[in-house]
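The values are calculated or read from the model by the stated rules, or taken from the named source; none is laboratory data. Note that the coordinates shown come from a computational prediction; the quantities given were computed from them, not determined experimentally. Cβ placement follows ideal geometry from the backbone for every residue including glycine, while neighbour counts extend to all protein chains displayed. Accessible surface areas use protein heavy atoms only, side chains included; no ligands, DNA or RNA. Shrake-Rupley method; radii C 1.70, N 1.55, O 1.52, S 1.80 Å.
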Amino acid sequence: MTHPPYDGPEYSESESPGPDWPPAPPREPREPREPDPLAVAVGNASLLGAGYLIMGRLGLFWGAAVVTVPLVWLVAAKAETWCELVLLLWWTVVVAHGWRLARRHPAAGPRRGQRVLALALALPVLVTAGWLRFDAHGIEDAVEEAREDGDCVAVVAAQERVGFGHRLAAAPVAARGDTVVEACERLDAAAGYLSGGLTGDLDMLKTGFGRLGTVLGEPGNERTVEATLKHFLGQLPTEDGCRTVRIADWLRDRESGPEDLSDPSSATAARIAPEALMECGDTLMTDEEWANARDRYRRLLDEHPADERAEAAREGVRKAGLAIELDNVQDLVTAADDMNTGYCRKPAKYSQAPAYRKGTNRALFVGDSEYTDKLPDGWHATDAAKAALVVCVDSAGMGNTVETCQYRDHDERIRSITFHQVEVRVKAYALRTGKLVTDRKLQISGSSCPYFISYYGSPPSRRSVTPTDADVRDAFGPVVKR
């Protein structure tokens, strides 16, 4: 059987045609999508590059994303209006570019499906961005209202409503709220320093006012600064009068600053000072710091003469002055060891001392106490506050001659010994005035020429009489009695 000749390609015995034979014709290149210019523009208005996807332009889609993402990040990071303007300009460019590019397509025309898809992508983005911006401005209004009320707590509460979306859609608006919150945080720190100043730490007080002044220098913070200062000043006076005086002095004498700080501070200092000075003076009197107490009372009289506490302050000055005098007298009496020391060298007055009058005057006896210890207890004052006199007593010496007696010494020789009265020089000062009222040498009598005398070494040629308590009392009587 014969076959017709084969005109096709020849194969070797090892080759045979595959299953895809004959080969498929080459594919025609895909025609670009037929775009709707409005859909493309609306899709690009979402800033998601949806218009370029509708057109099938993946290169433009990714290229737009490379620009859009950094711009959105820049807006959120910088939170400045110029960044938003740049993003708006870019939005306008991509919308216009998509519209123009789609219109140039030969088959461009309305496509309902494309428009629905573009709206589905763009509308949520645009509506969400618009609502976020609207809400951000509402939050900003709440923040500003709270700041105008001086309520930093409400400021923080309002700004806490700001979320990530607000910082993308309305970054400058959110940033302005952050600035207000940051100012409130600085005011909170300043309030902490001011509270520390209430303990009497003037350095903390200075720091607190410095921070208030810094925040006050920024526009819009007047009310919040005022509220912070008012809260601090409202805590005055403190429970410690002397501490309050220090704070009031600082507020009054502080370096000049903004009137919004200086005027309320000065007014508060003037308000709290009189009571604080009185309380401080009373406290110092209790602590026996007489000089400081008198200074506080005098300040009250000098700086606030018409204050209702003026009469009490005058009485305080009087009592403090008496206490100072008494302290001084007691110190001088304690230091008097002889006629040339302590009170005897520098007499002083105690204005509240009993008057030096007729009769027996109680006295403080200082100096040599050999004979004053034998005086009646009723003549001795128990302390300086009850003494009418301060009597300085010198060491005893030989006074007037009484008689001469003869004695036989150990060698059986006759010796003559002259006996003398005891001579004691005294100076008496009226304590109420500190003036000298007596300066004399007392002659104290006593027994003489005893049957036996004792001595060491050579027998003495002179000896003092031996006075009794009565003899001592008789000698000192004219000093304490007037």
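A few notes on this one:
- For the peptides 142-154, 405-417, the ranking by packing is 142-154, 405-417, with the highest mean count of neighbouring Cβ atoms within 10 Å listed first.
- Placing pseudo-labels 7 Å out from each Cα toward the beta carbon at GLN330 and THR468 gives an inter-label distance of 3.9 nm.
- For the chain, adding -39500 (n - 2.57) for each run of n ≥ 4 DSSP H residues and dividing by the number of residues yields -18000 deg cm²/dmol at 222 nm.
- Taking region 431-462 and a reference point 7 angstrom along Cα→Cβ of LYS374, the backbone N atoms nearer than 12 Å belong to 444-448.
- With protein chains left intact and a 1.4 Å probe, residues in the chain average 58 Å² of accessible area per residue.
- 16 Å cut-off, amide nitrogen to a point 7 angstrom out along GLU182 Cα→Cβ, residues in region 202-220: 214-220
- Once mean projected area of the Cα convex hull in nm² is calculated for the structure shown, the corresponding label among (i) 22.1; (ii) 27.0; (iii) 61.1 turns out to be (iii).
- Calculated FRET efficiency for the pair ASP141/GLN235, C-beta based, R₀ 45 Å, to 0.05: 0.90
- Listed cross-link partners LYS319/LYS435; LYS230/LYS319; LYS349/LYS441 are compared with a 29 Å cut-off, the Cα-Cα value being larger for LYS230/LYS319.
- Phi-derived couplings, Karplus 6.51 cos²θ - 1.76 cosθ + 1.60 at θ = phi - 60°, listed residue by residue for region 175-180: 5, 5, x, 4, 5, 5 Hz, with x used for Gly and Pro.
- Between ARG463 and THR418, PHE419, HIS420, the built amide H atoms are under 5 Å apart, and every one of these is 5 or more places off in sequence or on another chain.
- Efficiency of FRET from Cβ geometry, ALA385 and SER458, R₀ 56 Å, rounded to 0.05: 0.65
- Put the Cα centre of region 84-152 next to the Cα centre of region 280-303 and the gap is 73 Å.
- Cα-projected label distance for ALA310 with ALA355, points at 7 Å along beta-carbon direction, nm: 3.1
- Estimated FRET transfer efficiency when R0 is 30 angstrom, pair ASP263-ARG161 (beta carbons, to 0.05): 0.25
- Under 5 Å, built H, 5+ apart or other chain: amide partners of TYR407: ARG415, SER416, ILE417
- Positive-end ranking of ASN400, ALA269, VAL390 along the dipole of the chain, with charges on Cβ about the Cα centre, is headed by ASN400.
- Carbon plus sulfur fraction of accessible area for region 401-469, probe 1.4 Å, in percent: 44
- Karplus (6.51, -1.76, 1.60) ³J(HN,Hα), θ = phi - 60°, over region 393-409, in Hz, Gly and Pro reported as x: 10, 7, 5, 6, x, 7, x, 5, 6, 9, 6, 10, 10, 10, 9, 9, 8
- Modelled label positions at GLN406 and ASP282, each set 7 Å beyond Cα in the direction of Cβ, lie 8.2 nm from each other.
- Since only HIS105, TYR52, ALA306 are under comparison, the one whose Cα sits farthest along the positive direction of the charge dipole of the chain, derived from C-beta charges on Lys, Arg, Asp and Glu, is ALA306.
- Under a model in which nothing but the beta-carbon of Lys, Arg (+1) and Asp, Glu (-1) is charged, the chain shows a dipole of about 1900 debye around its Cα centre.
- Farthest positive-ward along the chain dipole, Cα basis, beta-carbon charges - from PRO478, GLY342, VAL173: PRO478
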